[in-house]
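J.: Take this structure first; my questions come after.
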Amino acid sequence: MLTSKYFKTQELVDRETYNLLGENAIKLIDQNLIKTIDAIREILNVPLICNNWHKNGTRQNCGFRTQKCKIGSKNSYHKKGQAVDLISYKMTAKEMREILEQNKEKLPLPIRIEKWDNNGEINWLHVDMGNKTNDKIHFFKA
């Protein structure tokens, strides 16, 4: 079982899941996603935050989401353990997307990155393993 170099298990799952499964909750996270977010952390070279509920923060559903979670669709990549929403206090999501696009050859696997929603460019880095194109990064609008 692969563990992340940079993210603790509770950063990748919600509080309820972690309280139920503890460190075994890492099994709910796709191994390819773990490899990918570690590579993204190395490419960007800044600390990244997924969930921070374990440090009394407000981010709880930015990694794995249970089927009971009202955020996202039933078939969301988050609910398959194949997506994360990341932020950094050192750079904007737009800057992160630009650096990843410039360094996409360093990514271990093809990924999808959400870039826009109905209100414009989003301020977090959504990454998922649902890329079905021939491009290393597929930018999409939710």
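The values are calculated or read from the model by the stated rules, or taken from the named source; none is laboratory data. The shown structure was predicted, so the numbers you read here are calculated from the model rather than taken from an experiment. Cβ: placed from backbone, ideal geometry, glycine included. Neighbour counts: every protein chain shown. We work out accessible area using only protein heavy atoms, side chains counted, and drop any ligands, DNA or RNA first. Shrake-Rupley method; radii C 1.70, N 1.55, O 1.52, S 1.80 Å.
J.: Name the residue that is nearest to residue 129 (Cα to Cα), counting only residues in region 79-92 that are open to solvent by less than 30 Å² (accessible area, probe 1.4 Å) and touching a residue at least 40 places away in the same chain (Cβ under 8 Å).
T.: Among them, the one singled out is 83.
J.: If a residue has to be out of contact with any Gly (no Cβ under 6 Å at 6 or more places or on another chain), farther than 15 Å from residue 122 by Cβ and of a type outside the set (Asp, Glu) to count, how many in region 66-112 make the cut?
T.: The total comes to 25.
J.: Can I ask one more? State whether one or more residues within region 78-92 are out of contact with any Lys or Arg (no Cβ under 8 Å at 6 or more places or on another chain) and in a helix (DSSP H, G or I).
T.: Yes - at least one qualifying residue is present in region 78-92.
J.: A further question follows. Please enumerate the residues belonging to region 108-139 that are more than 20 Å from residue 38 (Cα to Cα) and open to solvent by less than 30 Å² (accessible area, probe 1.4 Å).
T.: Once the filter is applied, which keeps residues that are more than 20 Å from residue 38 (Cα to Cα) and open to solvent by less than 30 Å² (accessible area, probe 1.4 Å), region 108-139 yields 120, 122.
J.: Out of the residues in region 1-29 that are surrounded by 18 or more Cβ atoms within 10 Å (Cβ to Cβ) and of a type in the set (Asp, Glu), state the one that is nearest to residue 108 (Cα to Cα).
T.: Among residues in region 1-29 that are surrounded by 18 or more Cβ atoms within 10 Å (Cβ to Cβ) and of a type in the set (Asp, Glu), the one nearest to residue 108 (Cα to Cα) is 11.
J.: Something else: Within region 71-104, which residues are touching a strand residue (DSSP E or B) at 6+ places or on another chain (Cβ under 9 Å) and among the aliphatic types (A, V, I, L, M)?
T.: 83, 84, 86, 87, 93, 96, 100
J.: Can you find a residue that is over 14 Å from the mean Cα position of the chain (by Cα), under 16 Å from residue 13 (Cβ atoms) and not basic (Lys, Arg) anywhere in region 60-67? Can you show your working first?
T.: Of all residues in region 60-67, those over 14 Å from the mean Cα position of the chain (by Cα) come to 66-67.
Subsequent filtering for residues that are under 16 Å from residue 13 (Cβ atoms) retains 66-67.
Then keep just the ones that are not basic (Lys, Arg); that gives 66-67.
Yes.
Residues checked against (1) touching a Phe, Trp or Tyr at 6+ places or on another chain (Cβ under 7 Å); (2) of a type in the set (Val, Ile, Thr); (3) closer than 17 Å to residue 129 by Cα:
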site: 7; (1), (2), (3): no, no, no
site: 13; (1), (2), (3): yes, yes, yes
site: 25; (1), (2), (3): yes, no, no
site: 28; (1), (2), (3): yes, no, yes
site: 31; (1), (2), (3): no, no, yes
site: 36; (1), (2), (3): no, yes, yes
site: 50; (1), (2), (3): yes, no, yes
site: 54; (1), (2), (3): no, no, no
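J.: Only one of (1) free of Cβ contacts under 8 Å to residues at least 24 places away in the same chain; (2) in a helix (DSSP H, G or I); (3) closer than 21 Å to residue 132 by Cβ is not met by residue 75, so which one is it?
T.: Result: residue 75 passes all but (2).
J.: Filter region 43-72 for residues that are in contact (Cβ under 8 Å) with a residue 24 or more places away in the chain and of a type in the set (Val, Ile, Thr); which is nearest to residue 27 (Cα to Cα)?
T.: Across region 43-72, the extreme among qualifying residues is 66.
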